[in-house]
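Asker: Please see the structure below; I have some questions.
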Amino acid sequence: MTCELCNSSNESVLWGNPLCRIILVDDKDYPGFCRVILNQHVKEMTDLPVSTRNELMEIIFAVEAAIRQVLNPDKINLASLGNVVPHLHWHIIPRFRHDRHFPNPVWGSPQREAVIPPNTGLAEKLRTAVQQHLAL
C-alpha cells in the first residue's frame, strides 16, 4: 500500500525538520489550514517516545499560535484522525463564524456559502510567523 503522506509531492511546505513538516493546505474555503505531518510512517501518538511526542506537540502549538497571529480566527480546530491515511498528522484549522461549516466540523455538511476575503501573501506570512514561534 502506498502512503500519500510518505510519498507526497506538490506540497506548500512552510517549515520542516527531521521530525516533521508543516504544510499549507490548498483549501479555498479554509485559508490558513495547515497540516503537521510526521516524517516517518507511524500510526498513533503513543507509538512515539514521550520526548518525540512533546517535541511534535510544541510544533503543533507553534503553528496554532502563528495562525492566530496572522489570521485572528474565532477558533482553532486541532484534529488528528488518520482514519483514511493511517500516518500520523495533525490538522490545524482556523475557523471563522462566517466559514462554510461553522460551528460544525469542516468535514460535516456546509451551513452556508462562505465569503473569504483575499489574504495576499498568506503562505509567506504564516512561514515567517511559524519560524518566529519555533525560535522561542
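Derivation of every value follows stated rules applied to the coordinates shown; laboratory data play no part. These figures come from a predicted structure and were not determined experimentally. Neighbour counts run over all protein chains shown; Cβ positions are idealised from the backbone, glycine included.
Asker: Below 15 angstrom from the Cβ of residue 107, what's the summed charge of the other residues (Lys, Arg +1; Asp, Glu -1)?
Answerer: Result for the neighbourhood of residue 107: 0.
Asker: Enumerate cysteines in the chain without a disulfide-compatible partner, where compatibility requires another Cys Cβ under 4.7 angstrom.
Answerer: Result for the chain is 20, 34, no neighbouring Cys Cβ within the cutoff.
Asker: Also, quick follow-up: Around residue 72, under 13 Å between beta carbons, what's the net of Lys plus Arg minus Asp minus Glu among the other residues?
Answerer: Combined, the nearby Lys, Arg, Asp and Glu give +3.
Asker: Here is a follow-up. Relative contact order for the chain using alpha-carbon pairs under 8 Å, separation at least 6, rounded to a whole percent?
Answerer: 26 percent.
Asker: Apply the Kirkwood formula to the stretch 4-98: the hydrodynamic radius equals the inverse of the mean of 1/r over all pairs of different alpha-carbon atoms; give it in Å with one decimal.
Answerer: Every distinct Cα pair counted, the radius reaches 13.7 Å.
Asker: What trypsin sites (Lys or Arg not before Pro) does the stretch 1-64 have in DSSP loop regions with at most 16 other beta carbons within 10 Å?
Answerer: Answer by residue number: 28, 43.
Asker: Going by alpha carbons, how many degrees (0 to 90, nearest 10) lie between the helix axis of 122-134 and the longest principal axis of the chain?
Answerer: The two axes meet at around 50 degrees.
Asker: Next question. For the Cα atoms of the chain, what angle does the longest principal axis make with the long axis of helix 50-71, in degrees from 0 to 90, nearest 10?
Answerer: It works out to around 20 degrees.
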